[in-house]
Amino acid sequence: MISIIGSGRVGSSIAFLCAASGLDDILLVNRTKDKAIGEALDISNAIPKNSRISVHGTDDYSKMTDSKIIVITASTSIYLKSRTEMIGAQTQMIKKIASYVKHYCHDTIVLMVSNPLDVLTYFFQKETGFPKTKVMGIASSLDSSRFRYLLSEKLGITQSEISDAIVLGEHGDSMVPIFSHTRIHRKKALELLNYNQQKSISIGVRDYWKSLRNFKSRSQFGIAKNTFDVINAILQNNELQIPASVLLEGEYGEYDVCMGVPVIIDKHGVSKIQEIELNEYENKSLKISADIIRNYINSV
Ligand SMILES: NC(=O)c1ccc[n+]([C@@H]2O[C@H](COP(=O)([O-])OP(=O)(O)OC[C@H]3O[C@@H](n4cnc5c(N)ncnc54)[C@H](OP(=O)(O)O)[C@@H]3O)[C@@H](O)[C@H]2O)c1
């Protein structure tokens with residue numbers, strides 16, 4: 001069973017993708033019970049004819065027992081200027097959710113989606129004491145999708161012509177697009193883009209959520225698909241290589257902080273953290289990003 005905590009835009013979109021693919025039974029857990037029940041009623045009509053899965057909604061955490069995967073998309077309210085502006089309320093909420101998950105679920109993989117992503121991933125892991133391989137924050141893969149999209153727009157090419165465009169570090173203002181690994185038809189992106197172009201793409205990735213807010217309210221489908229891909233990889237045991245936020249214990253020279261780094265995901269969760277070579281600027285930026293997340297953690 002896949003349990004999704006929070007049945008708002010993001011939670012219901014993830015549930016829709018899982019249901020439409022007939023992946024597994026789905027439980028929607030929401031603060032307001034009726035919303036979870038309503039979303040479950042609607043999403044149930046997307047289950048393929050030949051599938052045996054079901055979708056249910058509740059506000060009762062005890063029903064999550066036996067979840068193979070728990071996805072956390074709960075949010076106390078909506079941030080306006082920065083992902084960290086509700087850090088206190090969100091951390092309190094996550095600690096409470098962590099206590100329920102620890103009580104009812106013993107062998108489960110947890111995908112954090114709620115913001116501030118890295119801080120909440122950290123506190124969830126600390127509160128539950130779950131193995132660090134079983135708790136991951138999903139956001140850097142979305143930032144990487146945005147990076148790839150903006151590169152394709154800038155260069156006038158399709159996204160399929162771009163490889164290894166990844167974003168590491170904080171899911172926030174200090175995120176680090178990794179130009180040194182990005183290839184366009186095997187050519188290095190660094191050879192095709194001048195400093196100003198790199199800078200404008202970096203700002204575009206960082207502020208993508210603000211552009212979204214100008215045209216529609218909040219992001220929904222991009223994060224839903226990126227999260228669905230992780231759920232699918234875990235349940236089907238298909239190795240998936242993406243950047244995700246995990247607790248670091250020496251990798252990239254960082255300790256006791258969660259941030260986006262390249263990982264391999266399979267049915268066990270995070271099976272490997274990959275330490276890729278970065279250039280001097282990227283290494284320095286990643287260090288700054290880790291320090292910023294650590295400061296947020298210490299501020300709570
Ligand atoms: N990782 C990423 O890249 C990424 C991308 C997009 C969004 N996000 C984050 O994802 C989160 C959800 O976004 P959204 O647009 O889906 O928000 P939303 O539409 O406001 O939905 C949030 C839902 O969480 C529920 N909730 C609040 N506290 C809860 C609790 N203690 N237990 C269970 N449910 C609870 C709310 O219930 P009610 O019905 O009672 O209000 C609401 O249905 C936000 O933190 C957002 O910043 C992350």
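Nothing in this text is a laboratory measurement; each read-out follows from the coordinates by a stated rule. All values reported here derive from a predicted model rather than from experimental measurement. Virtual Cβ from ideal backbone geometry, glycine too; neighbours counted across all protein chains shown.
Across the range 156-300, the mean sequence separation of Cα contacts (distance under 8 Å, 6 or more residues apart), normalised by length, yields a relative contact order of 23 percent. With coordinates expressed along the principal axes, the C-alpha atoms belonging to the range 2-137 extend over 43, 34, 22 Å, beginning with the largest. GNM remark for the chain: springs join alpha carbons under 10 Å apart, and the peak mean-square fluctuation among MET175, MET86, MET64 falls on MET86. Size estimate for the range 146-247 follows the Kirkwood approach: the inverse of mean 1/r over distinct Cα pairs works out to 14.9 Å. The GluC sites (Glu not before Pro) found in the range 85-169 that occupy coil by DSSP, while having at most 15 further C-beta atoms within 10 Å, are GLU85. Modelled spin-label separation between ASN279 and ILE157, with each label point placed 7 Å from Cα along the Cα-to-Cβ direction: 1.7 nm. The long axis of helix 117-128 is offset from the longest Cα principal axis of the chain by roughly 50 degrees.
Here the contact order of the range 2-137, divided by its residue count and restricted to Cα pairs under 8 Å and six or more residues apart, works out to 23 percent.
Computed from Cα atoms, the angle from the helix 195-206 axis to the main principal axis of the chain rounds to 10 degrees.
Ranking SER51, SER12, MET112 by how far each Cα lies toward the positive end of the dipole of the range 2-137 (charges on Cβ) leaves MET112 at the top. Can you give the angle from 0 to 90° between the axis of helix 33-43 and the longest principal axis of the chain, with both taken from C-alpha atoms, to the nearest 10? Long axis of 33-43 versus the principal axis of the chain: about 70 degrees. Pairs from the table (LYS126/LYS287; LYS132/LYS199; LYS216/LYS272; LYS63/LYS267; LYS154/LYS210) lying more than 25 angstrom apart at Cα are LYS132/LYS199; LYS216/LYS272. Shape annotation for the chain: C-alpha extents along the principal axes are 53, 43, 37 Å, from largest to smallest. Think of each Lys and Arg Cβ as +1 and each Asp and Glu Cβ as -1; about the Cα centre, that makes the dipole of the range 131-196 roughly 240 debye.
Dipole check for the range 2-137: with +1 at the C-beta of Lys and Arg, -1 at the C-beta of Asp and Glu, and the Cα centre as origin, the magnitude is about 240 Debye. Please give the Cα centre distance for the range 237-300 versus the range 113-191, rounded to the nearest Å. Distance between centres, Cα-based: 10 Å. Take every pair of alpha-carbon atoms less than 8 Å apart whose residues are at least six positions apart; their mean separation over the length of the chain yields a relative contact order of 16 percent.
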